[in-house]
Amino acid sequence: MAETVRQAEPRGSKAQQQSSDYDGLLADLGLTREDVMGQLQPGATPKEVRSGTFTRTYDSVNIPGNVAIKEKINDIFQKYYGRDANEYELAEWLPALQERYKDPKTNRSRTVIKEIYDKGRLVSTEYLTADGANPAEWLENQVQTRLAAGNVAISGMLGVPEGPAGRYYTAVKNLAYDNGVAISDSAAMSYASKIVAGQLDENTAFATIRESAANAFPAYADKIKAGIDLKTLADPYIQSMSNILEIPSSAIDLFDPKVRSAMSFTLPDGKVGAKSIYDFEKELRQDDRWQYTNQARKEVADVTLKVLRDFGFTG
């Protein structure tokens, strides 16, 4: 079971304080000075050290230096922004973390040092703030709160957030586009920032977008929810439109009125389904754009030539 021993404020000479610290540490280990001296004597039987994991916690007036604090700040910024903190961010967070190492009652510097022992061996040392908190965890909570509130740093001229938030922002925008769902930049930013802040699971966010697409295109609802993008399901319509109207398939997306109406078509029985490719292609040949295609010109030329032949004007 964990034990916590807090030393009293330093009293007397430095040597007396060190002696007291030494005795306290030995007590934590289940030993006395006599035990140690006895174990140093030739032929002495070593006394078994208390087993298990336990802690020793004490205070120090020394706080971590700026370099150590900057490392903690940069670790958090790398995690959430994919970069180190810049000079303006350091100017904000460095004094904020330093303030955490001040006792609010006395306004004196204070570091809580936590040592963890396992079977008498020191295995780790943590330098905590005046209130015994992990400084990295405190800073991470502050960053998460800002991200959740939508305070995301923007990188470059494209308006994409920095670091992990930017990756989620792009993923949300792409998923929505590939499933025919219109989503604003602010909504994508909200999704991304909440995912990074740990307030929203990424799978929940992606499933919500797929649910919107499934509602808009009920004929493909099961496939969309199963993970097949609407863009993949729409490919036969897009290729037909590209071939018949002779426009690049890359210029046709899921927001084209003809593609959307074909994939969310009201059937004669009143249910919403999908238009057959045959009916879709017939409809495309009635589009005003079709008359300007090479295929249309060829068909008109063939018909004209046949008429001329029928009337004997050509051989």
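Can you tell me the order of 224-230, 169-175 when each peptide is scored by its average per-residue count of other Cβ atoms within 10 angstrom, highest first?
On the way: 224-230: 16.3, 169-175: 19.0.
Order by mean packing, descending: 169-175, 224-230.
Hey, can you rank 178-184, 101-107 by average C-beta count inside 10 Å, highest first?
Descending mean neighbour count gives 178-184, 101-107.
Could you give the length gained on full extension between Arg121 and Gln239, defined as 0.36 nm per residue of separation minus the Cα-Cα distance, in nm? If you can, show how the numbers build up before the last one.
Values: separation 118, 0.36 × 118 = 42.48 nm, distance 7.01 nm.
Residue separation times 0.36 nm, minus the Cα-Cα distance, leaves 35.5 nm.
For segment 180-226, restrict the atom set to alpha-carbon positions and state the Rg and Dmax in Å.
Here Rg and the maximum Cα pair distance are 11.7, 36 Å.
May I ask you to compute the full-extension gain from Lys223 to Arg146, defined as 0.36 nm times their residue separation minus their alpha-carbon distance, rounded to one decimal in nm?
Numbers: separation 77, 0.36 × 77 = 27.72 nm, distance 3.67 nm.
Using 0.36 nm per residue and subtracting the Cα-Cα distance, I get 24.0 nm.
Return the whole-Å distance between the Cα centroid of segment 213-232 and the Cα centroid of segment 248-280.
13 Å
Under 15 Å from the 7 Å Cα→Cβ point of Asn62, by amide nitrogen: which residues of segment 84-116?
109-114
How many nm is it between the label spots at Gln291 and Ala96, if each spot is 7 Å from the Cα in line with the beta carbon?
Computed distance between label sites Gln291 and Ala96 equals 6.5 nm.
Given a cut-off of under 8 Å on Cα pairs at least six residues apart, what relative contact order in percent is computed for segment 152-293? Don't skip to the end; give the middle numbers.
Details: 157 pairs, mean separation 25.1, N = 142.
RCO, segment 152-293: 18 percent.
Since every read-out is calculated from the coordinates, none of them should be taken as a lab result. Being a predicted model, the structure only gives us computed values, none of them experimental. Ideal geometry is used to build each Cβ from the backbone, glycine not excepted, and the neighbour counts take in all protein chains shown.
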